[in-house]
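Participant: Okay, here's the structure, questions in a sec.
The values are calculated or read from the model by the stated rules, or taken from the named source; none is laboratory data. Fair warning: this is a prediction, and the values are worked out from it, not measured in the lab. Positions of Cβ are generated from backbone atoms using ideal geometry, with glycine treated the same way; all protein chains shown enter the neighbour counts.
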Amino acid sequence: MSRHDLQPKADQPHVVRATVGWDRPLQTFFAQVFFRTEDEPDEGEALIWLGTEPGEMLTPEAVIAVVAPHVEMPPDLAERLNAEMRQTTGMKDGRHQAAAKRSLFGSIH
């Protein structure tokens, strides 16, 4: 799994951070945006969280579009995410990952 923590834009004081990455076991990119809340003013709460289901977010551009309004975007982020996905091509689930997938989804695919 890859993970990139991104810094909020200056005009987004209610955003603590955002995270994007590639989840190989779920075969999806993911995006999270953490907003300040009364209960969590420093850590924030992930009020936007996509990419928790198998194959939900299939392209780096999809997750970048989710977080772009809120954070400073590195110009090469899509390229890095694509490279991280390609590095996992052909990798198989380990015994524990396969068991978790069967338990959660009824299948390892």
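Participant: Against the definition (at pLDDT 90 or above and in a loop (DSSP other than H, G, I, E, B)), how does residue 25 come out, yes or no? Before you say what the answer is, go through the steps one by one.
Facilitator: Working: at pLDDT 90 or above: no; in a loop (DSSP other than H, G, I, E, B): yes.
No, not satisfied.
Participant: Looking only at residues in region 28-44 that are in contact with a Phe, Trp or Tyr (Cβ under 6 Å, 6 or more places away or on another chain) and not in a loop (DSSP other than H, G, I, E, B), which one is surrounded by the most Cβ atoms within 10 Å (Cβ to Cβ)? Show your work before the answer.
Facilitator: Residues of region 28-44 that are in contact with a Phe, Trp or Tyr (Cβ under 6 Å, 6 or more places away or on another chain), as a first pass: 29, 32, 44.
Remaining after also requiring not in a loop (DSSP other than H, G, I, E, B): 29, 32.
Numbers: 29: 28, 32: 23.
So the residue we want is 29.
Participant: Does region 1-13 hold any residues that are over 20 Å from residue 52 (Cβ atoms) and either touching a residue at least 60 places away in the same chain (Cβ under 8 Å) or of a type in the set (A, V, I, L, M, F, W, C) (or both), and which are they?
Facilitator: Initial filter on region 1-13 (over 20 Å from residue 52 (Cβ atoms)): 7-13.
The answer is 7, 8, 9, 10.
Participant: How many residues does region 48-93 contain that are touching a residue at least 12 places away in the same chain (Cβ under 8 Å), surrounded by 14 or more Cβ atoms within 10 Å (Cβ to Cβ), hydrophobic (A, V, I, L, M, F, W, C) and in a loop (DSSP other than H, G, I, E, B)?
Facilitator: Qualifying residue count for the region: 2.
Participant: Counting just the residues of region 14-27 that are in contact with a Ser or Thr (Cβ under 6 Å, 6 or more places away or on another chain) and buried (at least 19 other Cβ atoms within 10 Å of the Cβ), which one comes out nearest to residue 53 (Cα to Cα)?
Facilitator: Applying the first criterion (in contact with a Ser or Thr (Cβ under 6 Å, 6 or more places away or on another chain)) to region 14-27 yields 21-22, 24.
Now narrow it down to the ones that are buried (at least 19 other Cβ atoms within 10 Å of the Cβ): 21-22.
On the way: 21: 14, 22: 12 Å.
Going through the qualifying residues, I end up with 22.
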